Each structure stands twice: as C-alpha cells, then as structure tokens.
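> My questions all concern the structure below.
We did not get these values from a lab; they are worked out from the coordinates using the rules stated. Only a predicted model underlies this, so the values are computations on that prediction, with no experimental measurement involved. Note that we place each Cβ from the backbone using ideal geometry, even for glycine, and neighbour counts take in every protein chain shown.
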Amino acid sequence: MATLEEIGAEMERFRKALPDLLRTCPGKWVVFKAGRVVSTHDDEEAAYAAGIEAFGRDGGQIVVCVEEERIYALGGIASLTK
Amino acid sequence: MKLYYHDGYAVAGDGSAAKRLILHGPIIKVELTPWHLPAPRVTARLLLDTGSDISALAQDIIGSLGLSSLRPVQARLADGRVYQRFLYRMSMHLPVSCAGQGAPGGTFMFSANSVGQEVHSPPDMRVSDGLIGRDFLSHFQFRYDGETGSFRLEVRQ
C-alpha cells in the first residue's frame, strides 16, 4: 500500500504541475501519478474508478480536480475564522 | 452523484418516493465499506454538521476499512489553524424509511469522501465517530424538523 508520505509527495508534484494544468484542462478531474496526468475526467467518481482500473486501490495515484487549492472548514466553529 | 438502491428497497408510485430519505439525527448510524466493495463493513455514528465543508471520520475506522488516500487536503480545524489531512473515498450505506408511501425501509448506498482525523478516545467513549459535512449534503435538499429531531434528505433531480 502506498504510504501517506508517498501520497503527499505525489500531491506536491501535482501542485508544481498545476499552473500548466490550469491552462490545459481546467476544471477536470485527473488521475495523477509519477508527476504526470494519466487520464482526465468530468467527475470525481469516474476519475476514481479509472485510477483503480489503471493502478489498483493502493497504487499511489491521486485523484484531484484541476483548480486552485482551497482550504476546507472542518467543524462548524472553524468557519468562524478566515 | 450516483445513487444506488440496495436490499430490495421498494420503489413506490412514480418512483419519487425512493429518492426521499428520512433519518433521525443529529447523529445517525451508517455502515461503511471500501468504495463499491462489500467488505470489510464497519458501523459508524456520524454527526450531521452543516458547519463543515467536508466530512470526517476517525482514523481508526479508516484503518479498519483498509483505505488508501485519494489526496491530501488543507483543513481548518476548530482552533483556527490549517492542517493537512488525508482524504478517503468509500461507500456509505444509509438505513432509510420511505415517507408516507407505506413502503418498507432499506438501504441506500452513496459514494462519500471523508478526511481522516486522529481521535484519542476509544470508540465507546466518543460522541460520534465522525462528521457528515456539506460536501455530502450538497447533493440533497435538506430539511430539519426541530420538534421531532428528524431530517429529510431529498435527492435533487
């Protein structure tokens, strides 16, 4: 199984590629592995299924939307702060 | 969002009743499995939290499900600080009843994402095992009846 460190490292590679991806496939869901886009999809469900088909459930791929990264509030009280 | 019907849930009349779920909250008991797999199956009690952008689940439950992370995300917790959390995808099985149609209850299965959160108290000492946030609720029309403590989720057409 891919470790969380490996998943985190893949996300770092995605962040570096994001400026280019925002020009080529904005708003798309992508399967991303080893620093490159493996496939693009219209929704997360389809991307997740494609990632499993290509690499299995523990292959170390990430599934992510090509958009500016956001910060999520987790727990109602967190939404009170910026 | 894809909606799956399970366990012989009856579709009444024109079928619209099958898309209306009534649950009693604010903590509901659900069953979780890895995405589109029948096992392992873990029961969890989740708190409905309209103040959360995303759903969360105790990390030990994610471990029991044997899930690999989709990706890390940035999450602001109650202390106002931003932390990295890992996001996981799973199937959530909701026990439901059918409003006013006389149809038997059943189970609906949804795809759901949750971030993992370390919880230091054992499962039997927790108020809940996680949160259901607006990421999940955004797929429904959500109505809460404060007198009965029940809420209704209707799938958007």
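> Give the residue list of GluC sites (Glu not before Pro) in the stretch B:107-157 that are DSSP loop and have at most 14 other beta-carbon atoms within 10 angstrom. Walk me through the numbers on the way to the answer.
On the way: sites: B:118, B:147, B:154; in loops: B:118, B:147.
Here the sparse-neighbourhood loop sites are B:118, B:147.
> Further question on the same structure: Using only alpha carbon pairs under 8 Å that are at least six residues apart, calculate the relative contact order of the stretch A:4-80 and give it in whole percent.
32
> Further question on the same structure: Dipole magnitude of chain A about its Cα centre, charges +1 at Lys/Arg Cβ and -1 at Asp/Glu Cβ only, in debye to the nearest 20?
Once rounded to the nearest 20, the dipole reads 280 debye.
> How far, in nm, would the chain grow between residue B:83 and residue B:144 when pulled straight, counting 0.36 nm per residue and subtracting the alpha carbon separation?
Here the answer is 18.8 nm.
> Another question about this same structure. Given axes a ≥ b ≥ c from the Cα gyration tensor, I'd like to know whether the stretch A:4-80 is rounded (a/c under 1.5), prolate (a/b larger than b/c) or oblate.
The shape class here is prolate.
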